[in-house]
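Chemist: Got a structure here, written out as C-alpha cells. Questions coming.
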Amino acid sequence: MKFNKNIGYNLLLALLILCSSCAEDEVAFSNTDYLFNAIQIQKFDYAQRVGVGKIYQGKYSADKDSIYFDVTYFPDEKAPTYQDWVIQGSVFKGAKVVPGLSGVKDLTDPVSVTVYAPDGVTKREVVIVTKIYEIPYGELEKGFGRYNKLWTKSAADLGGWVTNAQTSLVVVGDELIVNNDTKDFLVYDKRTGLKKDKTVPVPAGNKSHIFALAVDKNDVLHAVSFINANTTDIFKIYRWSSGLDKEPEVFFQVSGTDIQTTKNTGMGRSLSICGDTYGDAQLMVALDGYGGAESRIVRIPVVNGVPTQMPDVFEAPNVSWTWRGKGIAASPTGKTPYFALSLGSPQGLVYYDNAGEHKFVTNAANSNFLNKVAVSGACYFEFNHARYLAASSCSWPGDLRMLIFSVDDPTLISSNKSENAERYSILNPFCENWEIKSNGNTNGTGDITVQIQRDGKTALVYMLDTNTGIMAYELTNVGSSSK
C-alpha cells in the first residue's frame with residue numbers, strides 16, 4: 001500500500017499533541033496545596049444543633065504531619081471533655097479531605113485524615129491531636145480574654161414589655177434602662193435582669209415615639225424623639241443632666257425643615273454618642289429609608305459641652321438601607337472614624353477611617369452573621385486598650401446571635417470566613433448564640449449596649465431583641481498567663 005504523506009503527517013501531529021497534553025497533566029503541587037489553610041474546633045450544642053463557646057485554632061507541627069489543638073481552662077473552671085466537638089477546616093481549592101470533617105467528633109484519641117491535592121493523587125497524611133489542660137490566669141495587657149454569660153431573660157420574664165415597644169437599651173450606674181415607645185422607660189438590675197419597681201419618666205410634653213436611647217462616656221442618659229424630616233416637626237435630643245428621676249433638659253433640637261431630604265424620611269430611630277456631651281463628643285442619627293434607598297447620617301458635633309447649631313448631613317459611601325440605618329461615631333472630636341450599617345435588609349456594614357472604607361463580609365455562608373438580618377443592633381466600645389464593635393444578628397427561623405469584632409486592625413475587616421477561618425477568628429473573637437428564639441420580631445429590630453466598669457477590668461454587654469428579651473455577658477481582662 002502506498003503511504004499517504006498527509007495521513008502520516010496528521011498522525012505525527014496528533015501524537016505530538018497527545019504527548020504535550022500528557023506532559024501538561026503532570027502538574028507539580030506545592031506543600032500548601034494539600035495542607036489545611038485553617039482548621040478549628042468548637043463544642044457542639046445538641047439543643048441548638050450548632051457549635052457554641054470558645055473556638056480553638058489548630059497548629060501544624062514543624063514537619064506538617066500533625067495538627068495540635070490546645071484546649072485550655074482556668075483553675076476555677078470545669079475541665080472540658082474530649083467528646084462532642086465539631087471540626088471546621090479550609091483547604092486549597094479542589095483539594096479533598098478523607099474522611100470528611102462533618103459530624104460530631106470524639107477527640108479522645110488522635111484522628112487521622114488524608115488531604116488530597118486537586119490532582120486527586122498527591123496527598124499528605126495528617127493526625128489531629130487534641131490536648132486539654134489547665135493553665136494559670138493573669139491580666140491581659142490588651143483586649144478581653146475570659147467571658148461569661150450573666151443572664152438571659154425573655155420578654156415575659158423581664159416584665160413590662162409591650163409588643164413592638166422595646167427597641168433600645170442602655171446602662172446607667174447599676175441600672176439597665178429600656179425604652180417603652182411613648183411611655184415611661186423600664187428599669188432593671190443590670191447584674192440580675194430583675195425588674196425594679198420604678199421607671200424613668202418620659203420627657204414632659206413629648207408626644208413623639210422614643211425609639212432610641214444612648215449614653216455618653218460618663219453613663220449620662222440621652223434619648224431622641226422621632227420625626228419626619230423635611231417637615232416643621234422639631235427633632236429633640238433629651239439629656240438627663242440632673243438624675244433619672246428628674247425632668248431631662250433639651251440638649252439639642254432642630255427643625256425637620258433644616259434636614260435636606262424627602263418628606264417620607266424618618267429621623268430618630270437610632271442614636272450613637274462617642275465622647276462626653278459636657279466636653280467633646282460626636283452624635284450620629286441615621287435617616288430612615290422608608291422603603292427607598294437611603295445612606296445619609298446626621299452628625300452633631302459637641303465642643304466644650306456645646307452642640308453645633310446646624311448639623312452636618314452626609315452620605316456614607318457604599319452602604320445603603322431601605323428602612324433603618326445607623327451611624328456609629330468612633331471618635332469624640334471628628335467625623336472619622338465611624339461605622340455605617342443597614343439595620344435590616346439589604347445587608348451592609350462598613351467602617352470608615354482616614355485610610356478609606358472597610359466593608360464587613362455579612363453573607364451567612366462566609367461570615368458569622370445570620371441569614372435574615374445581618375445587623376439588628378450595634379455598639380462601638382473601647383476596652384483594655386483595644387477597640388471593638390458589638391453587633392446582633394438574626395435568621396429566618398428566629399435564631400439570634402451576638403458578635404464582637406476587633407477593629408484595631410481595619411485590614412482584617414474584609415476577612416472571608418470560608419477562605420481563611422483563622423484570620424476571621426482574629427476579627428471575630430466572640431460569637432454566642434441565644435437559646436431563646438426570636439418571638440414575632442418580623443422587622444429584626446434590636447439594640448446592643450456596653451458599659452465599661454470603673455476599674456477597667458470588666459465590660460458588660462447587653463443585646464436586646466424586640467418582643468423577645470435581653471441577653472447579658474461579662475467580658476474580662478483575664479486571659480492565659482504569659483508566665
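The values are calculated or read from the model by the stated rules, or taken from the named source; none is laboratory data. The shown structure was predicted, so the numbers you read here are calculated from the model rather than taken from an experiment. Because the Cβ atoms are built from the backbone with ideal geometry, glycine has one as well, and the counts that use them run over all protein chains shown. Just the protein is used for accessible areas: all its heavy atoms, side chains included, with ligands, DNA and RNA removed. Shrake-Rupley method; radii C 1.70, N 1.55, O 1.52, S 1.80 Å.
Chemist: Working only within region 383-398, note down all residues that are surrounded by fewer than 19 Cβ atoms within 10 Å (Cβ to Cβ) and outside any strand (DSSP E or B). Show your work before the answer.
Modeler: First pass over region 383-398, keeping only residues surrounded by fewer than 19 Cβ atoms within 10 Å (Cβ to Cβ): 385-387, 395-398.
If the condition is that a residue be surrounded by fewer than 19 Cβ atoms within 10 Å (Cβ to Cβ) and outside any strand (DSSP E or B), then His385, Ser395, Trp396, Pro397, Gly398 are the ones that fit.
Chemist: Further question on the same structure: Kindly indicate whether any position in region 412-431 is touching a Cys at 6+ places or on another chain (Cβ under 8 Å) and at pLDDT 95 or above. I'd like the intermediate steps shown before the answer.
Modeler: Let us first name the residues in region 412-431 that are touching a Cys at 6+ places or on another chain (Cβ under 8 Å), namely none.
No, every residue in region 412-431 fails to be touching a Cys at 6+ places or on another chain (Cβ under 8 Å) and at pLDDT 95 or above.
Chemist: What residue, of Thr265, Thr336, is among the hydroxyl-bearing types (Ser, Thr, Tyr), farther than 19 Å from Ile448 by Cα and surrounded by fewer than 18 Cβ atoms within 10 Å (Cβ to Cβ)?
Modeler: Numbers: Thr265 fails: surrounded by fewer than 18 Cβ atoms within 10 Å (Cβ to Cβ).
Selected residue: Thr336, the only one of Thr265, Thr336 that is among the hydroxyl-bearing types (Ser, Thr, Tyr), farther than 19 Å from Ile448 by Cα and surrounded by fewer than 18 Cβ atoms within 10 Å (Cβ to Cβ).
Chemist: Here's something else I'd like to know. Filter region 69-102 down to residues that are part of a strand (DSSP E or B) and farther than 17 Å from Gly58 by Cα and give me whichever is most open to solvent (accessible area, probe 1.4 Å).
Modeler: Narrowing region 69-102 to residues part of a strand (DSSP E or B): 69-73, 85-91, 96-98.
Still in the list and also farther than 17 Å from Gly58 by Cα: 96, 98.
Details: Lys96: 130, Val98: 62 Å².
That would be Lys96.
Chemist: Quick check, is Thr411 touching a Phe, Trp or Tyr at 6+ places or on another chain (Cβ under 6 Å) and either free of Cβ contacts under 8 Å to residues at least 12 places away in the same chain or over 15 Å from Ser395 (Cβ atoms) (or both)? Talk me through it step by step, then tell me what you get.
Modeler: Details: touching a Phe, Trp or Tyr at 6+ places or on another chain (Cβ under 6 Å): no; either free of Cβ contacts under 8 Å to residues at least 12 places away in the same chain or over 15 Å from Ser395 (Cβ atoms) (or both): yes.
Considered against the rule, which asks whether it is touching a Phe, Trp or Tyr at 6+ places or on another chain (Cβ under 6 Å) and either free of Cβ contacts under 8 Å to residues at least 12 places away in the same chain or over 15 Å from Ser395 (Cβ atoms) (or both), Thr411 comes out as no.
Chemist: Give me the strands (runs of 3 or more DSSP E) completely within region 274-353, filtered to those with at least 2 residues that are touching a strand residue (DSSP E or B) at 6+ places or on another chain (Cβ under 7 Å), charged (D, E, K, R) and closer than 21 Å to Phe369 by Cβ, ordered by residue number. It would help to see each step written out before you state the result.
Modeler: Working: elements: 281-286, 296-303, 312-315, 324-329, 338-343, 349-353.
The qualifying strands (runs of 3 or more DSSP E) are 324-329.
Chemist: Could you figure out which of (1) more than 26 Å from Ala155 (Cβ to Cβ); (2) open to solvent by 60 Å² or more (accessible area, probe 1.4 Å) isn't true of Gly243?
Modeler: The failed condition is (2).
Chemist: Among Val407, Val375, which is touching a Leu at 6+ places or on another chain (Cβ under 7 Å) and either under 19 Å from Gly469 (Cβ atoms) or open to solvent by 10 Å² or more (accessible area, probe 1.4 Å) (or both)?
Modeler: Selected residue: Val375, the only one of Val407, Val375 that is touching a Leu at 6+ places or on another chain (Cβ under 7 Å) and either under 19 Å from Gly469 (Cβ atoms) or open to solvent by 10 Å² or more (accessible area, probe 1.4 Å) (or both).
Chemist: Now a separate question. Given the residues Asp84, Asp45, which is the only one that is modelled with pLDDT of 85 or more, over 13 Å from Ser425 (Cβ atoms) and more than 24 Å from the chain's Cα centre (by Cα)?
Modeler: Asp84
Chemist: A further question follows. His385 passes all but one of (1) modelled with pLDDT under 90; (2) over 16 Å from the mean Cα position of the chain (by Cα); which number fails?
Modeler: With respect to (1) modelled with pLDDT under 90; (2) over 16 Å from the mean Cα position of the chain (by Cα), His385 is out only on (1).
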